[in-house]
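Colleague: The structure follows.
The values are calculated or read from the model by the stated rules, or taken from the named source; none is laboratory data. Predicted model, so just to flag it, every value in this text is computed and none were measured. Cβ atoms come from the backbone with ideal geometry, glycine included; neighbour counts cover every protein chain shown. Note: accessible area is taken over every heavy atom of the protein model, side chains too, but ligands, DNA and RNA are not part of it. Shrake-Rupley method; radii C 1.70, N 1.55, O 1.52, S 1.80 Å.
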Amino acid sequence: MTAAMHQVLVVEDEPGIRAVLRLMLQSGKYRVVEAETAARAEVEARTHRPDLLIVDLGLPDGDGLDVIRRVRAWSPVPIIVLSARIMEDQKVAALDAGADDFVTKPFGASELLARVRAALRRSARPGDTPPRLTIGRSIVDLARRNTLADGRELHLTPLEYRVLECLARNAGMIVTQRQLLREAWGPDRQGDSRSLRVCIRNLRAKLEPDPSRPKYIVTEAGLGYRLRLDDPPDAERDRVGPGDVSTAS
């Protein structure tokens, strides 16, 4: 997986430093999203689901530690702190809040890019999300957010990719409704089972040969959903059926 496939959220209130970081990261072939406040940081994190965050601790509407804690409550995304704070206890507080690394301002471009690469390598665990999935006649590239069906591009929404990515990380296993809602929508939407059912129905309509009898995105009644990357026997397909989840676990 190359750097061009990764997206970085920069949380920094100083426009000049944001500009430097943007140019530096873009030179390394990273896509960049920016936020200048703590409130905006969480909105951008939930909207874009970046692969890594770079967070300044001194923000105009709060402390970067709060950003780290809130993001860490629903996401394992790597977080690098970039701050002028140099006291050991301040660095410890950032790491205890959930940061993966701490870089002190002023910083060197080569060092920061090396820290970014290292954090992304650590997060790319073996057996994590497959970069490409074959689902029936569709090929889904989760890293590039690109889907081809019979050689033609098929549009999936960012939310549909997030749900599919969660299922893919656990391919062959049951993923509960609660887990899907937490990872795709965030902890404040864990009771929104209707939105999840709509998303699953839309994914089936786009990826299943017969959405009324799903072969790949199957329901485990009362538990959750399972992503199958092989073709189940007809008898098993009849057993799982197309029904939606009725309870979370």
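Colleague: Between residue 104 and residue 47, how many nm apart are label points set 7 Å from Cα along the C-beta direction?
Modeller: 3.5
Colleague: Here is a further query. Which of the peptides 162-173, 15-26 is most tightly packed, and how do the rest follow, going by the mean number of other Cβ atoms within 10 Å of each residue?
Modeller: Order by mean packing, descending: 162-173, 15-26.
Colleague: Mind pulling up the Rg/Rh value for the chain? Radius of gyration and Kirkwood radius, both on Cα.
Modeller: For the chain, the value is 1.02.
Colleague: Using label points projected 7 Å from each Cα along Cα→Cβ, tell me how many nm separate residue 121 and residue 73, to one decimal.
Modeller: So the label points at residue 121 and residue 73 sit 3.4 nm apart.
Colleague: Hey, any idea what % of the chain's accessible area is carbon plus sulfur with a 1.4 Å probe?
Modeller: Ligands and nucleic acids excluded, carbon and sulfur give 51 percent.
Colleague: Treating the beta-carbon of each Lys and Arg as +1 and of each Asp and Glu as -1, no other charges, what is the dipole magnitude of the chain about its Cα centre, to the nearest 20 debye?
Modeller: Roughly 660 debye, rounded to the nearest 20.
Colleague: Heavy-atom accessible area per residue, the chain, 1.4 Å probe: how many Å²?
Modeller: 49
Colleague: Pull up the cross-link candidates among the lysines for residue 105, meaning alpha carbon to alpha carbon under 29 Å and not fewer than 8 places away within one chain.
Modeller: The reachable lysines, counting only those whose Cα sits under 29 Å from residue 105, are 29, 91.
Colleague: Hey, can you grab everything whose amide H is under 5 Å from the amide H of residue 52? Only 5+ residues off in sequence or another chain; H modelled, so Pro and N-termini drop out.
Modeller: Those qualifying (amide H under 5 Å, at least 5 residues apart or on another chain) are 7, 9.
Colleague: Here's a follow-up. Dividing the Cα radius of gyration by the Kirkwood radius, what Rg/Rh value follows for the range 57-191?
Modeller: We get a ratio of 1.05 for the range 57-191.
Colleague: Separate question: Under a plain spin-label model, where a point goes 7 Å from the Cα along Cα-to-Cβ, how far apart in nm are residue 197 and residue 174?
Modeller: For residue 197 paired with residue 174, the spin-label model returns 1.9 nm.
Colleague: Any chance you could look up the accessible area of residue 155 with a 1.4 Å probe, heavy atoms only, rounded to 10 Å²?
Modeller: About 130 Å², ignoring ligands and nucleic acids.
Colleague: Label point 7 Å out from residue 223 along Cα-to-Cβ: which residues of the range 165-187 have amide N under 20 Å?
Modeller: 165-183
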